[in-house]
1. Applying the Karplus parametrisation 6.51 cos²θ - 1.76 cosθ + 1.60 with θ = phi - 60° to the phi angles of segment 196-213, what ³J(HN,Hα) value in whole Hz is obtained for each residue in order, glycine and proline being reported as x?
2. Order HIS183, HIS212, most accessible first, counting only protein heavy atoms with a 1.4 angstrom probe.
3. If amide hydrogens are placed 1.01 Å from N in the peptide plane, which non-local residues have theirs closer than 5 Å to the one on ALA213?
Amino acid sequence: MKHIKHCSVIAALAAAALTFAGVAPAALAANDGATQDAVVATRSFPKTNAVKKNILAEASSTQVESDSDWGGVESLNVPQTTSQAEKDVEAAAAAAEQQRQQQAQAQAQAQAASRSAARSDLSSSGSFTVTPPDGASVSSLLTFANQFVGKVPYVSGGNTPSGWDCSGFVQYVYGQMGVSLPHYSGAQATVGRAVGSLADAQPGDIIANAQHAAIYVGNGMVINSQLNGTRYDPIAWVFPSSYSIRRIF
């Protein structure tokens, strides 16, 4: 009886062992299958890291060789443009400057022609020889004016060595020195710089009023053209009334 019980126990243990053995492999297989499925899933959908790229920067980048020579900024030849308004202003300025130069040249030529004509009149007069002034100085002016004393008659309205009046004589003498004066004694009393008194007067000064004009030579004397011709006279004799003293040189 005991033997039979032992055999039953053994058989029950064996059956239990077999049952456990069957369940465990199945569970392991199931677990193994799940693990395999997870691996397959991982391999089928691998995890990737997305890399963002600056497409614009890559598109604009340029590879340049290290020995490339692109030149410096100073070597660039950039054309300069000028607007039409600027061109018009420049053209107007150039035209004005050209006109100014032409006027100055014409004036110089006219003055030279006037002096030449006056000197030609002197040389063609035939009555005496006149030496032109050798410079714009007081001594040159007085030496030049002295050549006409006693040789040129008084002619009302005249201003040449053929004959002149008082202001015409002063105008001609100073004109040969390169100084332009009006042909009227009253106007000549306003030219140049004023001198306060006869005590301050110097040779070469113009002495004039509305009736007469002369050139001061010093010592209270003037050289002038009056009814008796070109001559030296005392100031008090030819200027009985007030007068102006004007300095050119």
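The values are calculated or read from the model by the stated rules, or taken from the named source; none is laboratory data. Small disclaimer: the values here were computed from a predicted structure and weren't measured. Heads up: the accessible areas ignore ligands, DNA and RNA and are worked out on the full protein's heavy atoms, side chains in. Shrake-Rupley method; radii C 1.70, N 1.55, O 1.52, S 1.80 Å.
1. Taking θ as phi minus 60°, the curve returns x, 8, 5, 5, 9, 5, 10, x, x, 5, 8, 10, 8, 8, 5, 9, 8, 9 Hz for segment 196-213.
2. Final ranking, largest accessible area leading: HIS183, HIS212.
3. Under 5 Å from the amide H of ALA213 lie the amide H atoms of SER167, each far enough along the sequence or on another chain.
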